[in-house]
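Written below as structure tokens is the structure these notes are about.
The values are calculated or read from the model by the stated rules, or taken from the named source; none is laboratory data. Model, not experiment: these values are computed from the prediction. With ideal geometry, Cβ positions are generated from the backbone for all residues, glycine too; neighbour counts draw on all protein chains shown. Surface areas here come from the heavy atoms of the whole protein model, side chains and all, with no ligands, DNA or RNA. Shrake-Rupley method; radii C 1.70, N 1.55, O 1.52, S 1.80 Å.
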Amino acid sequence: MMLEYRVFSTHWGFIGLIGKDRKVRSLTLPLPAPELVHQALRCTGSEKLIENPILLPGLTEQLTAYFAGQRVDRWDCEPELTSIPDFTRRVLQAAAQIPYGTVQTYGSLAREIGCSRGARAVGQALKRNPLPVIIPCHRVVAAGGLGGFSADGGLETKKALLELEAKAD
């Protein structure tokens, strides 16, 4: 399948999306320059990509608003998770239901999907999240602190996203 991509600017930097029609397969968190986003998009392993400057216009508006500090409760897209292993997909689908501005622990998310001793496995699955913010893995924390965050900026980015949501309209 031919996939499309789009790079656009937000208050936090440049974001890249990969998808087709209403489906989104990958999102890069904001980076300081569009060239860095293009480089990150090439590393996604996606098939051949074709630029579409109007890909997912509603989602683009929402992401721009989100990074400007506005509350977004529902994203205007369909996450494309079919190529993701079953356990990881279940974790991501459960994480997608965590309400804006709230957090949940790795352990409680594991219990929610029927894997009561799977907190570490949940953390590993979230590490593979191709759609950060849309699937809000930053809202999943350790019982005794923030836990981890594998995106650029690590825990500082996770903290900044949680603070952004705490201050939103």
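In segment 1-55, the qualifying residues are those that are of a type in the set (D, E, K, R) and in a strand (DSSP E or B), and the one that is farthest from P136 (Cα to Cα) is E51. Just give me the residues in segment 141-163 being of a type in the set (D, E) and either assigned to a loop (DSSP other than H, G, I, E, B) or closer than 19 Å to G107 by Cα (or both), in sequence order. Within segment 141-163, just D152 meets the criteria.
Take segment 98-107 and flag every residue that is in contact (Cβ under 8 Å) with a residue 60 or more places away in the chain and open to solvent by less than 40 Å² (accessible area, probe 1.4 Å). Answer for segment 98-107, where residues must be in contact (Cβ under 8 Å) with a residue 60 or more places away in the chain and open to solvent by less than 40 Å² (accessible area, probe 1.4 Å): just Y100.
Of the residues A121, A110, which is buried (at least 17 other Cβ atoms within 10 Å of the Cβ) and under 22 Å from R139 (Cβ atoms)?
On the way: A121 fails: buried (at least 17 other Cβ atoms within 10 Å of the Cβ).
It is A110.
Here's the yes/no breakdown for (1) farther than 19 Å from Q62 by Cα; (2) touching a helix residue (DSSP H, G or I) at 6+ places or on another chain (Cβ under 6 Å):
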{"position": "E112", "(1), (2)": "yes, yes"}
{"position": "L126", "(1), (2)": "yes, yes"}
{"position": "G148", "(1), (2)": "yes, no"}
{"position": "E163", "(1), (2)": "no, no"}
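Scanning segment 10-44 for residues that are open to solvent by less than 70 Å² (accessible area, probe 1.4 Å), within 21 Å of A151 (Cβ to Cβ) and not hydrophobic (A, V, I, L, M, F, W, C) yields a total of 11.
Only residues that are open to solvent by 20 Å² or more (accessible area, probe 1.4 Å), farther than 18 Å from E165 by Cα and in contact (Cβ under 8 Å) with a residue 24 or more places away in the chain were counted in segment 46-75, giving 9.
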